[in-house]
Amino acid sequence: MGKMSCAVRRESWASDDIDVVRQIAGERNSHLKIIERQTGVRVHLRGNQFLLEGSSPQVELSIRLFDELADLVRGGYPLYASDVVFASRILSENVKARLKDIFCDRVFVTSSKKIVTPKSERQKEYIDAIRSHDVVFGIGPAGTGKTYLAMAMAVSALMNQQVRRIILVRPAVEAGEKLGFLPGDLAEKVNPYLRPLYDALHDMMDFDRAAKLIQKGVIEVAPLAFMRGRTLNEAFVILDEAQNTTRDQMKMFLTRLGIGSKAVITGDITQIDLPEDKPSGLIEAMEILCDVEGICFVYFSHRDVVRHKLVQDIIQAYERAEPGSIQRRFGR
């Protein structure tokens, strides 16, 4: 059995633009340390020149990464550490990807002036699907930005007067018999189940403004059961945690959509909390609606996770431990 070649390749990458060099390197070369961890190359900065050392594929990837990061900086994009992480992930999956097409697609600017943009090719596909379809399903593991990006698109649509209201919906899967034992009126009983939606909303706009819009009914946060019998016109509707809907609940929700409305349904089919005798409405919708024109399904994977890198590793570990999982049955 022949020995594998371990030849070390040395290349350099340079720019005459000092701002490009400074932003790529990061404060105290912090970005270079990230690039080393992500790509496996050794990087040294000498003046305006980056010296790269590693295997040939690693060096090729790093040169491509430097080219794309420089293109972002020249376009006025402020480069942060997280961007370097996401950029290296994207290019390691698709070396021909254009980072400017992904990172410079501004979805929304939050109240804290943070710019919400896609951080992966799948996230870019997701927001494009929301723009071009009236019903979009975002399916995949936690931390992939399904709900957060949908919320940003909803608030953007409201601010641009594309819709008149936002409706945020979640099933309260444990509310059933236990609901009566919780303190307070019905709204107070179901509020804990809706808290994640409030958190995402308050990340998009300041608390007082959100509270006023909720008070006026422009933004509504409600349990799924409250949707029965309603027709939702000129609204951006988000159904979160849809894997915990029953077949009847999912059908009921989807048939609420009125004129001028848009619906985004998000869920993780590996995190179903329904009783075993109740099939998930989200899984059935994947089978029943997959060929319906005007409905788009976007599937995320561990590669799209934008939380701590360990979250990716945790998801992969669970997937390996469940070879017969639903996710694998759908080839995702």
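Look through region 210-225, keep the residues that are surrounded by 15 or more Cβ atoms within 10 Å (Cβ to Cβ) and not aliphatic (A, V, I, L, M), and return whichever of them is nearest to Y299 (Cα to Cα).
So the residue we want is P223.
Please determine, by comparing only the residues of region 25-43 that are within 17 Å of E60 (Cα to Cα) and in contact with a strand residue (DSSP E or B) (Cβ under 9 Å, 6 or more places away or on another chain), which one is most open to solvent (accessible area, probe 1.4 Å). If you could, list the steps in order and put the result at the bottom.
The initial filter retains those residues of region 25-43 that are within 17 Å of E60 (Cα to Cα), namely 32, 34-43.
Remaining after also requiring in contact with a strand residue (DSSP E or B) (Cβ under 9 Å, 6 or more places away or on another chain): 32, 35-36, 39-43.
Numbers: L32: 7, I35: 0, E36: 54, T39: 13, G40: 43, V41: 3, R42: 129, V43: 13 Å².
Ranking the qualifying residues of region 25-43, first place goes to R42.
Kindly state which strands (runs of 3 or more DSSP E) lie completely within region 214-277 and contain at least 1 residues that are at pLDDT below 90 and farther than 17 Å from G140 by Cβ. I'd like the intermediate steps shown before the answer.
Working: elements: 219-223, 235-239, 262-267.
Counting at least 1 such residues, we get 219-223.
Out of all the residues in region 251-268, which are closer than 18 Å to A150 by Cα and of a type outside the set (S, T, Y)? Don't jump to the end; show me each part of the working.
Applying the first criterion (closer than 18 Å to A150 by Cα) to region 251-268 yields 253-254, 257, 260-268.
F253, L254, L257, G260, K262, A263, V264, I265, G267, D268 - these are the residues of region 251-268 that are closer than 18 Å to A150 by Cα and of a type outside the set (S, T, Y).
Of the residues that make up region 80-91, is at least one open to solvent by 50 Å² or more (accessible area, probe 1.4 Å) and modelled with pLDDT under 95?
Step one: filter region 80-91 for residues open to solvent by 50 Å² or more (accessible area, probe 1.4 Å), giving 80, 82.
Imposing the further condition that a residue be modelled with pLDDT under 95 reduces the set to 80, 82.
Looking through region 80-91, at least one residue is open to solvent by 50 Å² or more (accessible area, probe 1.4 Å) and modelled with pLDDT under 95.
Any chance region 235-245 includes a residue that's open to solvent by 20 Å² or more (accessible area, probe 1.4 Å) and not acidic (D, E)?
The first filter runs over region 235-245 and keeps only residues open to solvent by 20 Å² or more (accessible area, probe 1.4 Å), leaving 241.
Filter once more, so that each one left must be not acidic (D, E): none.
Checking region 235-245: not a single residue is open to solvent by 20 Å² or more (accessible area, probe 1.4 Å) and not acidic (D, E).
How many residues does region 94-142 hold that are surrounded by fewer than 16 Cβ atoms within 10 Å (Cβ to Cβ), within 16 Å of D304 (Cβ to Cβ) and over 17 Å from the mean Cα position of the chain (by Cα)?
The number of residues fulfilling the criteria is 1.
In region 37-53, what count of residues is obtained for those that are over 32 Å from the mean Cα position of the chain (by Cα) and over 17 Å from S15 (Cα atoms)?
Going through region 37-53 one residue at a time, the tally reaches 1.
Of the residues I265, I259, I269, which single one is aliphatic (A, V, I, L, M), under 21 Å from A157 (Cα atoms) and open to solvent by less than 20 Å² (accessible area, probe 1.4 Å)? So that I can check it myself, show each step before the final result.
On the way: I259 fails: open to solvent by less than 20 Å² (accessible area, probe 1.4 Å); I269 fails: under 21 Å from A157 (Cα atoms).
Within the list I265, I259, I269, the selection yields I265.
Tell me whether region 191-212 contains one or more residues that are among the polar types (S, T, N, Q), over 25 Å from S132 (Cα atoms), without any contact (Cβ under 8 Å) to a residue 60 or more places away in the chain and assigned to a helix (DSSP H, G or I).
We begin by selecting, within region 191-212, every residue among the polar types (S, T, N, Q); these are 191.
With the extra rule that they be over 25 Å from S132 (Cα atoms), the set shrinks to 191.
Next, only the ones that are without any contact (Cβ under 8 Å) to a residue 60 or more places away in the chain stay: 191.
Narrowing the set further to residues that are assigned to a helix (DSSP H, G or I) leaves 191.
Yes, some residue in region 191-212 is among the polar types (S, T, N, Q), over 25 Å from S132 (Cα atoms), without any contact (Cβ under 8 Å) to a residue 60 or more places away in the chain and assigned to a helix (DSSP H, G or I).
Report the residue count in region 178-190 for those that are in a helix (DSSP H, G or I) and either at pLDDT 90 or above or of a type outside the set (G, A, S) (or both).
Residues of region 178-190 in a helix (DSSP H, G or I): 178-181, 186-190.
Next, from what is left, pick out any that are either at pLDDT 90 or above or of a type outside the set (G, A, S) (or both): 178-179, 181, 186, 188-190.
The qualifying residues number 7.
The values are calculated or read from the model by the stated rules, or taken from the named source; none is laboratory data. All figures in this text were calculated on a predicted structure; none of them were measured in a lab. Neighbour counts are summed over all protein chains in view; Cβ atoms, including those assigned to glycine, are modelled from backbone coordinates with ideal geometry. The accessibility values were calculated without ligands, DNA or RNA, using every heavy atom of the protein model including side chains. Shrake-Rupley method; radii C 1.70, N 1.55, O 1.52, S 1.80 Å.
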